[in-house]
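Only one structure is covered here, and it is reproduced in the block below.
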Amino acid sequence: MTHTEASLLGIAVTVVLDLWVLRTRLLTRKAFWVSYAIVLFFQTLTNEWLTSRGVFVYGEEAILGWRIGHAPVEDFLFGFSLVAQSMIWWVWWGRRGVQADPGPGPRPIVTRLATRRPR
């Protein structure tokens, strides 16, 4: 399987997982796309740094040949799947009450304010 095929398969699995299997519908939210734009900015910097220095070298037969900077476009497709699935699973597990009880350490300010007793 080429890098292109794996990346496209990752996109398809991510969309199906979000919209029809887990039904988080994260990909339909503006907040997702705004946060993904931030991730994409840093992914672009990181990919440029790694590929321009030869840390990652791609065989031309395994990619489309389109590049953004030095990085093949497939890196961005794969990165989208990776980031989106991380967030999709996070939302899905959160809705099921995974780690409903906070762990050790200070409570978040929102929790402290919500449980504050009126004077």
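In segment 17-32, which residues are more than 15 Å from Ser81 (Cβ to Cβ) and part of a helix (DSSP H, G or I)?
Passing the criteria: Trp20, Thr28, Lys30, Ala31.
Write out, first by first residue and then by second, each pair whose Cβ atoms fall under 8 Å of each other, whose residues are 6+ apart or on separate chains, and whose first residue, in segment 9-28, is at pLDDT 95 or above while the second is acidic (Asp, Glu).
Partner pairs satisfying both residue conditions: Thr24/Asp18; Arg25/Asp18; Leu26/Asp18; Leu27/Asp18.
Please indicate, with yes or no, whether at least one residue in segment 80-95 is surrounded by fewer than 12 Cβ atoms within 10 Å (Cβ to Cβ), at pLDDT 65 or above and not polar (S, T, N, Q).
Within segment 80-95, one or more residues are surrounded by fewer than 12 Cβ atoms within 10 Å (Cβ to Cβ), at pLDDT 65 or above and not polar (S, T, N, Q).
The values are calculated or read from the model by the stated rules, or taken from the named source; none is laboratory data. Keep in mind the model is a prediction, meaning the values are calculated, not measured. Cβ coordinates were reconstructed from backbone atoms using ideal geometry, including for glycine residues, and neighbour counts include every protein chain displayed.
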